[in-house]
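Have a look at the structure below before the remarks.
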Amino acid sequence: MARAIRFDEYGDVEVLRVEDVPRPVPGRGQVLVEVRAAGINPGEAAIRRGFLHERFPATFPSGQGSDFAGVVAELGEGVGEIAVGDEVIGFVDTRSSHADFVVAEAANLTPKPADLPWEVAGALFVAGTTAYAAVGAVCPREGETVVVSGAAGGVGSLAVQLAKLAGATVIGLAGEANHEWLRELGVVPVSYGEGVLERIKEAAPDGVHAFVDTFGSGYVELALHLGIHPGRIDTIIDFEAAAKYNVKTDGNAAGASAEILRELSLLLDKGLLTLPVARVYPLAEVRDAYRELERRHTRGKIVLRP
């Protein structure tokens with residue numbers, strides 16, 4: 001037997017439970033991975049609460065989780081380039097990585113760099129590929145200025161760095177507790193809240209060229225008030241505003257590939273990118289992990305360790 005996170009109805013963290021389940025068996029083209037770390041994400045909390053039922057309905061009993069890193073435990077038929085014992089980073093779209101074992105398509109795995117910590121590798125997929133796609137959607141260029149909302153969160157903390165790597169000046173919207181950390185990354189910190197429009201204009205007297213919204217709550221409208229063209233605004237959360245104003249919504253679905261995951265893992269391994277991990281919880285404390293996540297004040301990622 002193995003353990004997996006399950007829930008039988010939409011609701012708050014109390015619907016989550018750790019359940020004993022049969023050890024999964026990989027099918028053709030699939031790999032069984034013993035999970036060493038698995039990131040948790042705001043989208044999973046929204047799905048569990050039923051907020052995304054029309055876009056991503058749950059089928060009960062439902063599992064959870066897309067991100068993971070671990071050790072290959074068993075190969076399905078037809079898998080030839082991966083060996084039992086390999087350390088890998090991967091993803092699933094079956095909501096099943098918050099578990100002791102996960103079955104993944106072999107094509108959705110990439111080798112884990114030897115020196116990359118498990119908790120960083122296991123938290124990389126959703127935040128990393130979302131940030132990669134969102135930054136790519138707004139096309140930051142050398143000498144331009146980009147604003148990122150939620151700049152200290154899981155996606156935002158990577159988006160500011162990827163925009164910096166593209167040569168842009170980056171303004172990160174975050175609480176004051178994260179300002180010094182953003183400065184260490186070479187990001188210009190600006191506090192969110194009342195008066196943020198004026199503070200951004202003060203920080204960017206020559207104007208802002210692009211905006212990546214990882215938080216919602218009116219930032220699409222704020223970007224438009226800054227005079228940014230809709231084609232250079234990307235939100236990963238405010239789909240209603242995106243439809244209304246015809247701005248982009250590139251995120252995880254646009255960046256979900258083992259190739260991009262590999263590229264990001266190598267940037268982390270070379271020290272060109274950093275992924276902060278706020279806290280690691282045992283699998284059995286999944287409710288506490290999501291309670292912390294849903295406060296929306298975490299720097300970087302929260303991770304489960306089976």
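The values are calculated or read from the model by the stated rules, or taken from the named source; none is laboratory data. Every value quoted in this text rests on a predicted model; they were computed, and no experiment measured them. Virtual Cβ from ideal backbone geometry, glycine too; neighbours counted across all protein chains shown. Keep in mind that these areas ignore ligands, DNA and RNA; they rest on the heavy atoms of the full protein, side chains included. Shrake-Rupley method; radii C 1.70, N 1.55, O 1.52, S 1.80 Å.
Does SER62 satisfy the condition of being polar (S, T, N, Q), under 22 Å from ARG296 (Cβ atoms) and touching a Phe, Trp or Tyr at 6+ places or on another chain (Cβ under 7 Å)? Please lay out each step first, then the result.
Values: polar (S, T, N, Q): yes; under 22 Å from ARG296 (Cβ atoms): no; touching a Phe, Trp or Tyr at 6+ places or on another chain (Cβ under 7 Å): yes.
Answer is no for this residue.
Restricting to the range 177-215, name every residue that is open to solvent by 60 Å² or more (accessible area, probe 1.4 Å), touching a Ser or Thr at 6+ places or on another chain (Cβ under 9 Å) and either among the polar types (S, T, N, Q) or outside any loop (DSSP other than H, G, I, E, B) (or both).
Residues of the range 177-215 open to solvent by 60 Å² or more (accessible area, probe 1.4 Å): 177, 180, 183-184, 192, 194, 198-199, 201-202, 205-206, 209, 215.
Of the ones still in play, those that are also touching a Ser or Thr at 6+ places or on another chain (Cβ under 9 Å) are 192, 199, 206, 209, 215.
Answer for the range 177-215, where residues must be open to solvent by 60 Å² or more (accessible area, probe 1.4 Å), touching a Ser or Thr at 6+ places or on another chain (Cβ under 9 Å) and either among the polar types (S, T, N, Q) or outside any loop (DSSP other than H, G, I, E, B) (or both): just ARG199.
Out of all the residues in the range 105-113, is one or more within 20 Å of the chain's Cα centre (by Cα), open to solvent by less than 50 Å² (accessible area, probe 1.4 Å), modelled with pLDDT of 95 or more and closer than 26 Å to GLY150 by Cα?
No, because not a single residue in the range 105-113 is within 20 Å of the chain's Cα centre (by Cα), open to solvent by less than 50 Å² (accessible area, probe 1.4 Å), modelled with pLDDT of 95 or more and closer than 26 Å to GLY150 by Cα.
I need the full set of residues from the range 178-198 which are without any contact (Cβ under 8 Å) to a residue 24 or more places away in the chain and farther than 14 Å from VAL146 by Cα, in order please.
HIS179, GLU180, ARG183, GLU184, SER191, GLY193, GLU194, GLY195, GLU198
Which one is modelled with the lowest pLDDT, of the residues in the range 131-176 that are at positive phi and surrounded by fewer than 24 Cβ atoms within 10 Å (Cβ to Cβ)?
First pass over the range 131-176, keeping only residues at positive phi: 139, 143, 150, 167.
Then keep just the ones that are surrounded by fewer than 24 Cβ atoms within 10 Å (Cβ to Cβ); that gives 139, 143, 167.
On the way: CYS139: 96, GLY143: 93, GLY167: 96.
Per the stated criteria, the residue is GLY143.
Within the range 223-235, can one find any residue that is more than 18 Å from GLY136 (Cβ to Cβ), out of contact with any helix residue (DSSP H, G or I) (no Cβ under 6 Å at 6 or more places or on another chain) and in contact (Cβ under 8 Å) with a residue 40 or more places away in the chain?
Yes, the range 223-235 contains a residue that is more than 18 Å from GLY136 (Cβ to Cβ), out of contact with any helix residue (DSSP H, G or I) (no Cβ under 6 Å at 6 or more places or on another chain) and in contact (Cβ under 8 Å) with a residue 40 or more places away in the chain.
Answer with yes or no whether LEU275 is open to solvent by less than 50 Å² (accessible area, probe 1.4 Å) and either modelled with pLDDT of 95 or more or farther than 19 Å from SER66 by Cβ (or both). Full working, then the answer.
Working: open to solvent by less than 50 Å² (accessible area, probe 1.4 Å): yes; either modelled with pLDDT of 95 or more or farther than 19 Å from SER66 by Cβ (or both): yes.
Considered against the rule, which asks whether it is open to solvent by less than 50 Å² (accessible area, probe 1.4 Å) and either modelled with pLDDT of 95 or more or farther than 19 Å from SER66 by Cβ (or both), LEU275 comes out as yes.
Within the range 81-88, is there a residue that is open to solvent by less than 30 Å² (accessible area, probe 1.4 Å), in a strand (DSSP E or B) and in contact with a Pro (Cβ under 7 Å, 6 or more places away or on another chain)?
Yes, the range 81-88 has at least one match.
Limited to the range 93-104, what total is found for residues that are assigned to a loop (DSSP other than H, G, I, E, B) and open to solvent by 20 Å² or more (accessible area, probe 1.4 Å)?
First, the residues of the range 93-104 that are assigned to a loop (DSSP other than H, G, I, E, B): 93-98, 100.
Retained after the next criterion (residues that are open to solvent by 20 Å² or more (accessible area, probe 1.4 Å)): 93-96, 100.
Residues flagged as assigned to a loop (DSSP other than H, G, I, E, B) and open to solvent by 20 Å² or more (accessible area, probe 1.4 Å) within the range 93-104 amount to 5.
Tally the residues that are open to solvent by 70 Å² or more (accessible area, probe 1.4 Å) and not in a strand (DSSP E or B), restricting the search to the range 13-55.
Here the count works out to 11.
Within the range 280-306, take every residue that is open to solvent by 70 Å² or more (accessible area, probe 1.4 Å) and not in a helix (DSSP H, G or I) and give me the one that is nearest to ASP20 (Cα to Cα).
Across the range 280-306, the extreme among qualifying residues is ARG305.
Give the residues of the range 150-166 that are of a type in the set (Gly, Ala, Ser) and either in contact with a Ser or Thr (Cβ under 6 Å, 6 or more places away or on another chain) or farther than 21 Å from LEU226 by Cα (or both), sorted by residue number. Steps first, please.
At the first step, the residues of the range 150-166 found to be of a type in the set (Gly, Ala, Ser) are 150-154, 156-157, 159, 163, 166.
Within the range 150-166, GLY150, ALA152, GLY153, GLY154, GLY156, SER157, ALA166 meet the criteria.
Inside the range 225-251, can you point out the residues that are assigned to a helix (DSSP H, G or I) and open to solvent by less than 50 Å² (accessible area, probe 1.4 Å)? Working first, answer last.
Let us first name the residues in the range 225-251 that are assigned to a helix (DSSP H, G or I), namely 225, 230-232, 239-245.
If the condition is that a residue be assigned to a helix (DSSP H, G or I) and open to solvent by less than 50 Å² (accessible area, probe 1.4 Å), then PRO230, GLY231, ARG232, ALA241, ALA242 are the ones that fit.
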